[in-house]
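Since the structure comes first, as structure tokens, the remarks are kept for the end.
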Amino acid sequence: MQQVGWNMATYMGMRASQEFELLSHNMANASTPGFKAELLHLWRLEAADGPTDSLGQTPASFLNVRSRDYTQGSLHATGNDTDFALDGSGFFKVETPQGIRYTRNGQFRLTNDRQLATKEGYLVQGKSGPITLNANDQNFYMDPEGGVHLDKSLGDQIAVADFPNLQGLAQQGQCLFAATRESGSEIEALATKVRQGEIEESNFDPTAEIVQLINIQRSFEAYLKVLDTFTAKDRKVIEEIGTPA
């Protein structure tokens, strides 16, 4: 029975540590545009035809599983022509040295070649390739459908991609994601609107996370008390065994 207690105490400590690590990561990116908070879930796994105990319950295993909250963050007006936000599901497509990646962070800039790029220099993709402004185009704007309007003509249309299974995307960096077999192939996000002069804020909720931080602290304190209890019992057993009769 005491071994079960030690196992439970170990699990409590490991989970509290994982929760704190995840919370720290989320808090560090609270001001990162387009950031999506990570979540930690407890899954109960049991065999469908497994044996039951005297209470009719099936023995189960528990697994900590990470996921990501892809709900949209608040849209914040900046007034910058090269800032963009997606109102709806989907991602901007950018070209990185590792290939096409996807992001919700629309804080872009113009390169010396007048191409739209991320802060890191990754080129933002349109349906016909990188979004490029001609040297004579002094003004441009993007309509809600993603069409790039130059001085006197309609240029390319910004590419907005979505996926059948967002949880299958692989995170690479703060706000970059890569498609995987689990995410499925990209599809066009037809209903999503592009908002120029706005950015999407992180969907991290500081108020809720402060409450979570308090809960983690309490769980860790409970874990320490359990360890102290079992340590005291072990010490008593050692002292009694070591005392001559």
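Here are the numbers:
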read-out: Residue check, Ser67 small (Gly, Ala, Ser) and within 30 Å of Arg15 (Cα to Cα); value: yes
read-out: Test for Ala30: is it small (Gly, Ala, Ser), touching a helix residue (DSSP H, G or I) at 6+ places or on another chain (Cβ under 9 Å), surrounded by fewer than 17 Cβ atoms within 10 Å (Cβ to Cβ) and at pLDDT below 90; value: yes
read-out: Residue satisfying all of: in region 151-196; within 23 Å of Thr132 (Cβ to Cβ) and small (Gly, Ala, Ser); surrounded by the fewest Cβ atoms within 10 Å (Cβ to Cβ) among these; value: Ser153
read-out: Candidate set: region 176-211, residues that are over 17 Å from the mean Cα position of the chain (by Cα) and in a helix (DSSP H, G or I); chosen: the one farthest from Pro33 (Cα to Cα); value: Val211
read-out: Residue pairs meeting the criteria (Cβ under 7 Å; at least 6 apart or on separate chains; first among the polar types (S, T, N, Q), in region 122-133; second in a loop (DSSP other than H, G, I, E, B)); value: Gln125/Ala159; Thr132/Arg114
read-out: Breaking point among (1) over 21 Å from Gly99 (Cβ atoms); (2) in contact (Cβ under 8 Å) with a residue 40 or more places away in the chain, for Gln172; value: (1)
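The values are calculated or read from the model by the stated rules, or taken from the named source; none is laboratory data. Every value quoted in this text rests on a predicted model; they were computed, and no experiment measured them. When we count neighbours, we look across all protein chains shown, and the Cβ atoms used for this are built from the backbone with ideal geometry, even at glycine.
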